[in-house]
Amino acid sequence: ALFEQKLFLLRELQHRVMNSLNLLSSVLDLQRRHVRDAEARDQLARARDRVLSMGTVYRQLYQSDHAGQVEFAEFLRKVCEESQHAYAGLNKPVIHVDAEPLLISGSKAVALAVLTHELITNALKHAYADGETGPILVSLKKAPDGAYELRFSDRGRGLPEGFDLGETKSLGLKVIRGTAKQLGGSVEIKRLEKGTEFLIRLPPDIGIERSEADREGAP
């Protein structure tokens, strides 16, 4: 009975957080509509989208069989699908996702949600020139050393000459680098023959073992 009560309270908390995030995103969107400056409107839209990406995580937490845990491969597919549908350009890039199962805690899922949102948004907005389109490839694989490799690549115009991730003034790229560091991971940018690849390496212990998850879900 105590376990069922604890589970109910956790679900209620997740539901209230999810609703609060939805309310916050609506307030940001309302503010955006009343701002005339184009740059300010864009920043408010980006803030709204970051909040929505966190809300997506809490929606999955609420629907999950294991309270407080998220299957990140499933989340990755969902957030990519939602981002593609929300993209306003005439020539929508097609996002392909190839992800291996990875069960993670809710707190790490929120951090990865923000990171994923920034990388997908960056690719949708900047990978291809106006009037062009192409694929955006997303993959999540376990490396031989046990680390998890999260890759976002495109076949677009590539990075400008002299680009340095450590010197960038872009808030989105700073969020990507800071979030990866927070999770104990690293960010590497590769210049492809055509396009760009972001490689996020995450530590082996970021995941939750299935047997451990089953134990935590048992009364």
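Only one of the numbered conditions (1) part of a loop (DSSP other than H, G, I, E, B); (2) open to solvent by less than 80 Å² (accessible area, probe 1.4 Å); (3) not hydrophobic (A, V, I, L, M, F, W, C) is violated by E132, and that is (2). The residue that is least open to solvent (accessible area, probe 1.4 Å), counting only those in region 31-46 that are in a helix (DSSP H, G or I) and of a type in the set (D, E), is D42. Using the structure shown, decide if I176 is at pLDDT 85 or above, assigned to a helix (DSSP H, G or I), closer than 30 Å to G131 by Cβ and open to solvent by less than 60 Å² (accessible area, probe 1.4 Å). Yes, satisfied. Of the residues examined, L150 is not one that is touching an Asp or Glu at 6+ places or on another chain (Cβ under 7 Å), under 29 Å from I206 (Cα atoms) and not in a helix (DSSP H, G or I). Counting residues in region 200-214 that are modelled with pLDDT of 90 or more and touching a His at 6+ places or on another chain (Cβ under 6 Å) gives zero. When each of D65, D49 is tested for being at pLDDT below 80, over 17 Å from I200 (Cα atoms) and loosely packed, with under 15 Cβ neighbours inside 10 Å, the lone residue that passes is D65. Taken residue by residue, region 106-128 has no member that is open to solvent by 30 Å² or more (accessible area, probe 1.4 Å), at pLDDT 85 or above and over 13 Å from the mean Cα position of the chain (by Cα).
Any residue that is modelled with pLDDT under 90 and touching a Gly at 6+ places or on another chain (Cβ under 7 Å) - is there at least one of those in region 133-149? Within region 133-149, one or more residues are modelled with pLDDT under 90 and touching a Gly at 6+ places or on another chain (Cβ under 7 Å). Residues in region 7-30 that are closer than 19 Å to L52 by Cβ and charged (D, E, K, R) were compared, and the one that is surrounded by the fewest Cβ atoms within 10 Å (Cβ to Cβ) is R16. Selection over region 143-165 of residues that are loosely packed, with under 10 Cβ neighbours inside 10 Å, under 25 Å from P93 (Cα atoms) and of a type outside the set (D, E) gives a count of 1.
The values are calculated or read from the model by the stated rules, or taken from the named source; none is laboratory data. Small disclaimer: the values here were computed from a predicted structure and weren't measured. A quick note on method: Cβ atoms are made from the backbone with ideal geometry, for glycine too, and the neighbour counts reach across all protein chains shown. The accessibility values were calculated without ligands, DNA or RNA, using every heavy atom of the protein model including side chains. Shrake-Rupley method; radii C 1.70, N 1.55, O 1.52, S 1.80 Å.
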